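Trainee: Sending over a structure as structure tokens; questions will come in a sec.
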Amino acid sequence: MLAAVAVAQNAEDPLSCLELKDVPVPEAAPGWTRVRVRASSLNMHDVWTLRGVGHDPANIPIILGCDVAGVTDDGREVIVYPVIADPDAGAGDETLDPNRALLSERHDGGFAEYIVVPDRCVVDKPAHLSFEEAACLPVAWSTAYRMLFSQARITAGDRVLVQGAGGGVAGAAIALAAAAGATVYATSRTAQKRRLALELGAHAAFAPGERLPHRVDAVIETVGEATWAHSLRCLRPGGAIVIAGTTSGTAPAADLGRIFYQQLRILGSTGSTRHETVAMLRMLEATGLRPRIDRVLPLARIHEGLRALIDGDAAGKIVVAIP
């Protein structure tokens with residue numbers, strides 16, 4: 001079968017490390033399910049792997065792709081829950097299992113014609129979603145759902161700031177928070193991405209660092225150093241910042257005085273539980289929300305899609321379709 005395989009890691013030229021190769025079709029061991037991949041969406045996680053950031057080089061070569069939708073050998077249309085972990089090792093939360101792994105970190109991912117995953121990672125695909133739409137959801141949308149509803153615990157009427165509106169998690173957070181009845185503010189460096197934020201459901205969009213009309217109950221933070229000071233200033237006393245990424249750097253000035261005096265909450269968040277993923281799918285079904293797709297490409301053009309992702313040249317998810 002054809003697959004997109006990370007064969008090396010290079011911080012300066014990551015796309016040179018991805019090769020389209022013919023590899024054997026995987027067989028499902030007991031307790032595992034084989035899925036015929038119909039669509040798999042691109043994430044910055046794929047780029048970080050190729051750059052050698054957060055990915056053990058001992059696990060190279062590996063098939064990339066952590067967002068998958070497809071059909072099982074017995075004909076079920078499914079979405080793949082991408083966290084391979086033991087809930088018991090995380091006190092009931094698989095994201096807290098110290099040995100957890102996202103699909104494509106230690107197990108071959110979905111940029112291929114077939115994939116095998118643990119049985120518990122197979123979730124029925126909602127009938128109203130296409131395979132391309134479904135493949136946008138497991139990583140970005142489930143991550144955003146956990147940040148908003150399990151960590152920040154937003155409710156209707158809350159005010160939420162989403163930093164870096166061009167990212168996949170940020171875009172999902174805007175749509176989900178607005179659908180939940182929150183007032184959503186978003187920031188982006190470009191006018192194009194600020195317009196996109198409004199289209200996704202934001203009530204207003206601002207340049208980074210710009211003063212907001214009101215302080216917010218929660219900040220969804222995936223940018224890091226570049227937006228950290230603004231995120232702290234925008235919070236009401238007792239508000240929460242939920243962090244699930246640091247694309248601009250990991251070591252901002254902490255401003256501990258503001259944090260303790262205003263009793264701010266700083267919460268880390270990684271991925272989602274299977275239960276949260278199912279809850280997110282139900283929310284989409286109830287609200288009619290659908291992920292925004294920028295383009296759909298064949299697997300043979302995956303380098304083109306990753307280049308667009310790196311350059312920030314996408315207004316929505318980029319999806320690889322595998323007929």
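The values are calculated or read from the model by the stated rules, or taken from the named source; none is laboratory data. The structure displayed is predicted, hence computed values, not measured ones. Glycine also receives a Cβ, built like all others from the backbone with ideal geometry; neighbour counts cover every protein chain displayed.
Trainee: Among the listed residues ALA3, ALA28, ALA69, ALA11, identify the single one that is surrounded by 15 or more Cβ atoms within 10 Å (Cβ to Cβ), touching a helix residue (DSSP H, G or I) at 6+ places or on another chain (Cβ under 6 Å) and of a type in the set (A, V, I, L, M).
Mentor: Values: ALA3 fails: touching a helix residue (DSSP H, G or I) at 6+ places or on another chain (Cβ under 6 Å); ALA28 fails: touching a helix residue (DSSP H, G or I) at 6+ places or on another chain (Cβ under 6 Å); ALA11 fails: surrounded by 15 or more Cβ atoms within 10 Å (Cβ to Cβ).
Answer to the selection: ALA69.
Trainee: When you check VAL53 against the structure, is it β-branched (Val, Ile, Thr), closer than 28 Å to HIS275 by Cα and within 20 Å of the chain's Cα centre (by Cα), yes or no?
Mentor: Values: β-branched (Val, Ile, Thr): yes; closer than 28 Å to HIS275 by Cα: no; within 20 Å of the chain's Cα centre (by Cα): yes.
Against the criterion (β-branched (Val, Ile, Thr), closer than 28 Å to HIS275 by Cα and within 20 Å of the chain's Cα centre (by Cα)), VAL53 does not qualify.
Trainee: May I ask you to list the residues in region 1-42 that are charged (D, E, K, R) and touching a Phe, Trp or Tyr at 6+ places or on another chain (Cβ under 7 Å)?
Mentor: Within region 1-42, the subset charged (D, E, K, R) is 12-13, 19, 21-22, 27, 34, 36, 38.
ARG34, ARG36, ARG38 - these are the residues of region 1-42 that are charged (D, E, K, R) and touching a Phe, Trp or Tyr at 6+ places or on another chain (Cβ under 7 Å).
Trainee: Starting from residues that are over 20 Å from the mean Cα position of the chain (by Cα) and assigned to a loop (DSSP other than H, G, I, E, B), keep the ones in region 87-97 and report whichever is surrounded by the fewest Cβ atoms within 10 Å (Cβ to Cβ).
Mentor: ALA91
Trainee: Looking at the structure I just gave you, is SER188 touching a helix residue (DSSP H, G or I) at 6+ places or on another chain (Cβ under 7 Å), of a type in the set (Ser, Thr, Tyr) and either in the same structural domain as SER231 (by TED's automatic domain parsing) or modelled with pLDDT of 95 or more (or both)?
Mentor: Answer is yes for this residue.
Trainee: Answer with yes or no whether VAL296 is hydrophobic (A, V, I, L, M, F, W, C) and over 22 Å from MET147 (Cα atoms). Explain how you work it out, then say what you get.
Mentor: Details: hydrophobic (A, V, I, L, M, F, W, C): yes; over 22 Å from MET147 (Cα atoms): yes.
Yes: the conditions hold for VAL296.
Trainee: Do you know which of the residues in region 14-23 that are touching a Leu at 6+ places or on another chain (Cβ under 7 Å) and assigned to a strand (DSSP E or B) is surrounded by the fewest Cβ atoms within 10 Å (Cβ to Cβ)?
Mentor: Taking region 14-23 as the starting set, the residues that turn out to be touching a Leu at 6+ places or on another chain (Cβ under 7 Å) are 14-15, 17-18, 20, 22.
Still in the running and assigned to a strand (DSSP E or B): 18, 20, 22.
On the way: LEU18: 21, LEU20: 14, ASP22: 8.
This residue is ASP22.
Trainee: Scan (1) at pLDDT 95 or above; (2) under 27 Å from GLU276 (Cβ atoms); (3) buried (at least 16 other Cβ atoms within 10 Å of the Cβ) for the single condition ASN59 breaks and write down its number.
Mentor: (3)
Trainee: For THR183, all conditions in the list (1) in contact with a His (Cβ under 6 Å, 6 or more places away or on another chain); (2) without any contact (Cβ under 8 Å) to a residue 24 or more places away in the chain hold save one; what is the number of the exception?
Mentor: (2)
Trainee: For region 204-323, please list each of the strands (runs of 3 or more DSSP E) lying entirely inside it that holds at least 2 residues being touching a helix residue (DSSP H, G or I) at 6+ places or on another chain (Cβ under 7 Å), in contact (Cβ under 8 Å) with a residue 12 or more places away in the chain and crowded, with 21+ Cβ neighbours inside 10 Å.
Mentor: On the way: elements: 204-206, 216-221, 235-243, 265-268, 293-298, 317-321.
The strands (runs of 3 or more DSSP E) meeting that bar are 216-221, 235-243, 317-321.
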